[in-house]
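First, the structure itself, so that you have it in front of you.
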Amino acid sequence: QYTVAFCKHVQDELEQHRDSQSQFLKTKPKAEAGTVLYETELLHFAEDLKKWKDRYVVIKNDYTVDCFETKEAYLKGLSPKYHIVPAGGKVLTSEEDYNLLSDKHFPDPVGSSEKEVAQPFVQLPREFPVYLWQPFARHSYYCFQEPEAQRQFSAVLNDCVRHSNHDFLKQTTYEVEAFLEAVQFFRQEKGHYGTWEMITGNEKEILSNLVMEELLPNLQTMILPKMKGKRNDRKRAWFGFVEETYGLVQQQVSEGLSTLKEECREFAKSLEGTIRSDMDQILNSKNFLAGKIKATVSEPAQKCCTENIQPFLTSILEELMGPVSSGFTEVRSLFDKEVNEIIQNFQKTKDITKLKENVDQLMNLPFSSVKMEPCYLKVNLLQELLQDLKSRFKVYHIDFVVQRTQNFMQELMENAVYTFEQLFSPSHQADSAKVATTIEKVKLRVLKQYDYDSSTIRKKIFQEALVQITLPTMQKTLASTCKPELQKYEQFIFADYTSVIQVENVYEEILYQTLLEETLKVIKEAAILKKHNLFEDNLNLPCESVSSLTDLKTPSGSAQTTPAKKPSTARVEMSDTDTQSEETLIVTEKISWEKDHDDSKPSDKEAVISVNMAGNQASKNEEVIITDISEKQESLAATVMKQKVPEENTALEKEDMVKKDFVGDTKTELTTKQEVVEEKVALETENAFRDFGISPEKELKVHEEAVEEKATSENKTEEVVEIKLTSPHDNVVEAEILGNDEMKIKVEKGITEELSQSENQTLQTDNIIIMKF
């Protein structure tokens, strides 16, 4: 599997595949390794001493548990007394629940009386315990004086289990992919299909679990008949044997795996040159093989899907959408609530220093296990709702779906608070009177972005879960009829490529794609119906560019020293209902348009420049929007060229520094802005006409008297100026000036000059698309 995954990695690299999943929230960079998430003093049961001892527990962002003898030992940098990797574990807070789970994994050959069963496995010195059960490793026992301390530690421990289970699995390296494929095929050979509950932890732990699964039956036969004594003594002895065996397995697996991986890397390196040079032939060979397998597999696969899977996909999706969506909604509400508290506290204190402290605390919200726990619990309902699926689809481990969803929820909260921090800086707030309103504005924008990202992530969760739940059914159904036939297809693989193309991989891809198409259909239908606030993929959401929001961090009266990051789209539509007179400057991305005009065949492309000057009574904003529309099948034969005129740039920079509160004579200020806008529009229009091949004698002039500004100190009307430029093919330049006063001016002039072939070149436009005054 290693060379197969490596070949796919090289293919992605050569084809420059990129993740097409878009998101609006900024992704928070990874925290520095060794960051402490939780530390406390507690009582810990020392198994070797059979006593409860005071310990100091530290949990860092690798989500392992370090148990020190004292806090001083930790501060001195001494090694921990115990180092626990909680992968595959379960956290319990009652003695009854722990006994039920541990008894389930203790195959007692003797049998026990009710009196023996009732005896506690570990005597508790305090009222509030926390148990960490693990399938093969030593169990851990902790005790607390207060219920709040118990709740906090159990919540943190649950986070550790979740991350230990999945942080390795979410890596996208080809080595991880090869390892997981190998585990899957090995288990299928044993007749096991579906998600394995022991796919937890890293490679060493997963492989050790796989070995232990094979060893346990033999271990039971060898050890259990010889065990004597009381039930709890037999139970403790059994767990001790399992733990010791697991330690030996881990040691041997670690050594063997390290050697094997190094051999695989060397072999893949020796093939890299051939893979890169022969990639086209490799893909052709693989596609030819896939065609042959499809001819045999497609019909039974489609039949299985139609009869056993497709009728149930919608109902399964409905069961998934409820708990998953409620979890993400709870995360959204928590963020909203925490920011509202920051606003309320500042309105009471007016203290910028305290505000900064509160914003810093907000950054820790995703790692506050107690605050995030109610969000995670919403998703736990999947355990109950999907129980009925086990009889039909043999769902082995729905915990995988639950924990993966909870990890996504935490990541989205991290991105939300990080985006908030990027857009709002307490130290840059010069006017304390507007701080609360600014925080509210940033919060609403972050929530808008959160809603879109939440929809994108949830659709991904639903897609993965539906395939994970239903794929084992198809695999098992076709195993007896299709799998025996796979061997004959090996003859269709070129001898040179047998190490990078495997018949079984191609077969599994065909089954996966068959199910994926069906799952995407039902998810798309749910999005069209807007169920649980899902958005369609092609939905053009009104959103605030991050570059526009960074202006909120610019102190009043100061100019930005560096330009804002430019959006990736050619057109930006703004929906701003804010009531502040904030200054916003958005600069569009430089777009290269290639002129590809043929003298013998006029172009039918059209470019539209729209200038929109809109006034708002509450915000007193004026907007100038210059956008481009169109691009059909060939390169656009039109271009708008920006002329850099220092005098005009200076005037615009001065306007950017105008105070947000309009004080004084409103009419005078509007007149000044009107002149700047009209002069800028006239210059842009003049340059645009020249780039379209219009002679200076035929340039269109928009007279100042055509645009009349009607403004008072209480109300301003909205005027829209829209200028449409068409290519020489249409032989028309039309300018429309539209306003609330129904004033329209249409000017049409014939254009006789065509662009010559020598004008074909790539030009760039770097236009200002929105200016708010």
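Quick check on the stretch 207-245: of everything there that is without any contact (Cβ under 8 Å) to a residue 24 or more places away in the chain and not in a helix (DSSP H, G or I), which residue is farthest from Val122 (Cα to Cα)?
Taking the candidates together, the pick is Lys228.
Among the helices (runs of 4 or more DSSP H) lying completely within the stretch 375-460, list those that include at least 3 residues that are at pLDDT 90 or above and farther than 30 Å from Leu317 by Cβ.
Counting at least 3 such residues, we get 399-423.
For the stretch 314-343, give me the residue count where each residue is closer than 20 Å to Ala416 by Cα and of a type outside the set (Lys, Arg).
18
Name the residues in the stretch 394-429 that are in contact with a Pro (Cβ under 7 Å, 6 or more places away or on another chain) and surrounded by 15 or more Cβ atoms within 10 Å (Cβ to Cβ), would you?
Gln410, Met413, Glu414, Val417
Suppose the filter is open to solvent by less than 50 Å² (accessible area, probe 1.4 Å), over 25 Å from Ser208 (Cβ atoms) and of a type outside the set (Lys, Arg); does Ala149 pass it?
yes
Can you pull out every residue in the stretch 332-356 that is within 30 Å of Gln406 (Cβ to Cβ) and touching a Phe, Trp or Tyr at 6+ places or on another chain (Cβ under 8 Å)?
Scanning the stretch 332-356 gives Arg332, Phe335, Val339.
Let me ask something else. Can you pull out the residues in the stretch 246-299 that are polar (S, T, N, Q) and free of Cβ contacts under 8 Å to residues at least 40 places away in the same chain?
Gln251, Gln252, Ser258, Thr259, Ser270, Ser277, Asn284, Asn287
Another question, if that's okay. Output the number of the condition that Val85 fails; it satisfies all remaining conditions of (1) more than 31 Å from the chain's Cα centre (by Cα); (2) under 29 Å from Met198 (Cα atoms).
The one condition Val85 does not meet is (1).
Taking the conditions exactly as written (in contact with a Gly (Cβ under 9 Å, 6 or more places away or on another chain), acidic (Asp, Glu) and either modelled with pLDDT of 90 or more or surrounded by 12 or more Cβ atoms within 10 Å (Cβ to Cβ) (or both)), does Asp97 satisfy them or not?
In short, no.
Looking only at the stretch 298-339, count every residue that is buried (at least 19 other Cβ atoms within 10 Å of the Cβ), within 13 Å of Met474 (Cβ to Cβ) and not β-branched (Val, Ile, Thr) and tell me the total.
Number satisfying all stated conditions: 4.
Tell me the residue from Gln220, Gln252 that is closer than 29 Å to Tyr63 by Cα and either open to solvent by 40 Å² or more (accessible area, probe 1.4 Å) or out of contact with any strand residue (DSSP E or B) (no Cβ under 6 Å at 6 or more places or on another chain) (or both), please.
So the residue among Gln220, Gln252 that is closer than 29 Å to Tyr63 by Cα and either open to solvent by 40 Å² or more (accessible area, probe 1.4 Å) or out of contact with any strand residue (DSSP E or B) (no Cβ under 6 Å at 6 or more places or on another chain) (or both) is Gln252.
Within the stretch 167-194, can you find the residues that are open to solvent by less than 50 Å² (accessible area, probe 1.4 Å), more than 23 Å from Thr35 (Cα to Cα), in a loop (DSSP other than H, G, I, E, B) and touching an Asp or Glu at 6+ places or on another chain (Cβ under 9 Å)?
Listed by number, the list is empty, since nothing qualifies.
Considering only residues that are within 21 Å of the chain's Cα centre (by Cα) and of a type outside the set (Phe, Trp, Tyr), look in the stretch 354-370 and name the one that is most open to solvent (accessible area, probe 1.4 Å).
Asn364
Given the criterion within 30 Å of Gln475 (Cβ to Cβ) and either touching a helix residue (DSSP H, G or I) at 6+ places or on another chain (Cβ under 7 Å) or hydroxyl-bearing (Ser, Thr, Tyr) (or both), identify the matching residue among Ile439, Ile457.
Just one listed residue meets the conditions, Ile457.
Condition first: surrounded by 12 or more Cβ atoms within 10 Å (Cβ to Cβ) and of a type outside the set (A, V, I, L, M). Now tell me which residues in the stretch 342-353 satisfy that.
Asn345, Phe346, Thr349, Lys350, Asp351
A further question follows. In the stretch 480-531, what count of residues is obtained for those that are among the charged types (D, E, K, R), more than 30 Å from Ser277 (Cβ to Cβ), open to solvent by 80 Å² or more (accessible area, probe 1.4 Å) and assigned to a helix (DSSP H, G or I)?
Here the count works out to 4.
Within the group Thr477, Thr470, which residue is touching a Cys at 6+ places or on another chain (Cβ under 9 Å), within 18 Å of Leu320 (Cα to Cα) and part of a helix (DSSP H, G or I)?
Criteria check complete, one pass: Thr470.
Taking Ser164, is it over 30 Å from Val500 (Cα atoms), under 21 Å from the mean Cα position of the chain (by Cα) and either open to solvent by 30 Å² or more (accessible area, probe 1.4 Å) or small (Gly, Ala, Ser) (or both)?
yes
Next question, about the same structure. Being surrounded by 12 or more Cβ atoms within 10 Å (Cβ to Cβ) and of a type in the set (D, E, K, R) is true for just one of Lys76, Lys60, Lys50. Which residue is that?
Lys60
The values are calculated or read from the model by the stated rules, or taken from the named source; none is laboratory data. The structure presented is a predicted model; accordingly, all values stated were derived computationally and were not measured. For neighbour counting, all protein chains shown are included, and Cβ atoms are generated from backbone atoms with ideal geometry for every residue, glycine included. For accessibility, only protein heavy atoms count, side chains too; no ligands or nucleic acids. Shrake-Rupley method; radii C 1.70, N 1.55, O 1.52, S 1.80 Å.
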